[in-house]
Amino acid sequence: MDIIATTGDLKTFCEQLLAEDGHEDGFITIDTEFIREKTYWPILCLIQIAGSQRTGIIDPLDQAIDLDPLFTLMQDERVLKVFHASRQDLEIFYKLTHQLPKPVFDTQVAAMVCGYGESVSYESLVNDLAQARLDKSSRFSDWSKRPLTKKQLEYALGDVIHLRVVYKKLKERLLKQDRLSWIQEEHAVLLEPETYIMRPEEAWRRIRLAKTTGEYLIRLKEMAAFRESEAQKKNVARGRLIKDEVLSNLAVYNPTDRVSFDGIWRKIQPGLTKDLSHGLFEVIMRAQKIPENDWPQLPGRPKALSKQILQKVEFLKFLLKIKSKDHHVAEKLLATSSDIEKLALDESKADVMALHGWRFEVFGKDALSLLGGEMALALKGNQLQLIPL
């Protein structure tokens, strides 16, 4: 099994793929292997591609290869690029080129409107649609080590070979049920550069909150932004640089002097470097002077929903389950928890996706009827059913 390790071979391979699959019904399947346990940015170790007539494994770590021919192919709109759970793969391409592959199809997204739930595994799709079983023994390999074994290469290539079958079967279902348009919005998000831009000022939102007060949030926000910037510059994983627990505890206890500050972080992460601890201390001191008007706020939600509103929420959740099951669509594609609460609070002012497009026909229309007293939920046997009034 040959690996593409020179620029010339890669150029030839990409030209062949474009000639064979660069047409209306043509597509290529793509997967990557990478590592990022210690680094902030993923290290691309392998790229696998399968076309209709050929397959290839590309070694991006080889010093003799320039990936420009591949990047050109990724931008050629004549050929569809098919991934499964594409977000991390797309993030890698965006980091390398500041561009996203196009056009793109994600089989995990497609599976959500084909009855497979919210985040079906690739293994499950292969079992069901390709009637095959994946050999997972190489799944946790260190893909940066060379040489790679034949077993590792077979595992890597198998992913994109099976993905061709998975894509074809899912597309058949989508066309038969006229649902291709149902996944356009999710694909649009995947192709939005903002999805992959890691803004330090937003980093605090990924940390589990110990409190929700403004004072706590501003300290956490400023320290998380400092850590994010340092992690990006040093290319070190966030948690290896400064643990979430350190940031949260400092934000909770709000030390006002260096002695108390040092006492907090040393109990949790004694290996914290001198420059990082000094930087954190300066950040938390500055955060204490930020005016209240500039403190972050959590997304608006009433402090406590009334009993009546909570009942509406529960009824809408029951309806969502019914519609999800009846139409074989993942619940979160129809409506989020936030959408449900907004509808329950005031459906006339709720600006939610469930009241637009195909979601309105599947769920939103009946949700409004239920809230308006034009429809009821009734238990028949062991099943909840909608009853027009």
Pairwise FRET efficiency - residue 332 versus residue 20, Cβ, R0 = 25 Å, nearest 0.05: 0.10
Computed E for residue 305/residue 282 - FRET, C-beta separation, R0 51 angstrom, nearest 0.05: 0.80
Qualifying trypsin sites (Lys or Arg not before Pro) in segment 286-382, DSSP loop, other Cβ atoms within 10 Å at most 14: 289, 303, 349
Most fluctuating residue given options 188, 354, 287, as computed from a GNM of the chain linking Cα atoms under 10 Å: 188
Fluctuation leader among 235, 293, 254 - the chain, Gaussian network, Cα springs under 10 angstrom: 293
When the convex hull of its Cα atoms is projected in every direction, mean area for segment 89-227 (nm²): 12.0
Segment 184-257 versus segment 324-389: alpha-carbon centroid distance in Å: 35
Within-12-Å neighbourhood charge of residue 296 [Cβ basis; K, R +1; D, E -1]: -3
Which listed pairs, of 243/325; 169/349; 221/332, have C-alpha distances above 30 Å, in listed order: 243/325; 169/349
Estimated [θ] at 222 nm from DSSP helical runs (n ≥ 4, -39500 (n - 2.57)) normalised by residues in the chain, nearest 500: -14500 deg cm²/dmol
Volume per residue that the Cα convex hull of segment 264-389 spans, once the total is divided by residue count, Å³: 220
Cut-off 18 Å, label 7 Å out along Cα→Cβ of residue 2, residues of segment 140-173 by amide N: 148, 150, 153-154, 157
Taking segment 183-304 and dividing mean pair separation by its residue count, relative contact order in percent (alpha carbons under 8 Å, at least six apart): 30
Base-10 log of normalised Debye intensity for the chain (one unit scatterer per alpha-carbon) at q = 0.12, 0.13 Å⁻¹: -1.11, -1.18
The chain - share of DSSP beta bridges that are antiparallel (%, nearest 5): 70
Residue order, fewest to most beta carbons within 10 Å, for 33, 314: 314, 33
Dipole-positive endmost among 386, 153, 352 within the chain (Cβ charges, Cα centre): 386
Cα-projected label distance for residue 168 with residue 54, points at 7 Å along beta-carbon direction, nm: 2.0
Computed lengthening from residue 215 to residue 361, 0.36 nm per intervening residue step minus Cα-Cα distance: 48.2 nm
Debye, to nearest 20: dipole size of the chain, +1 on Lys, Arg Cβ, -1 on Asp, Glu Cβ: 1440
Cβ-Cβ FRET estimate between residue 290 and residue 118, R0 fixed at 35 Å, reported to 0.05: 0.35
Within a Gaussian network of the chain (alpha carbon springs, distance under 10 Å), most fluctuating of 256, 55, 195: 256
Among 291, 259, 218 the positive-end extreme of the charge dipole of the chain (Cβ point charges): 259
Candidate lysines - alpha carbon under 23 Å from residue 150, same-chain residues fewer than 8 apart omitted: 136
Packing-based exposure ordering (other Cβ within 10 Å, fewest first) of 84, 356, 328: 356, 328, 84
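A short reminder: the numbers here are calculations on the coordinates, not readings from a lab. Remember, it's a predicted structure, so these values are computed and weren't measured experimentally. Reconstructed Cβ throughout: ideal geometry from the backbone, glycine too, with neighbour counts over all protein chains shown.
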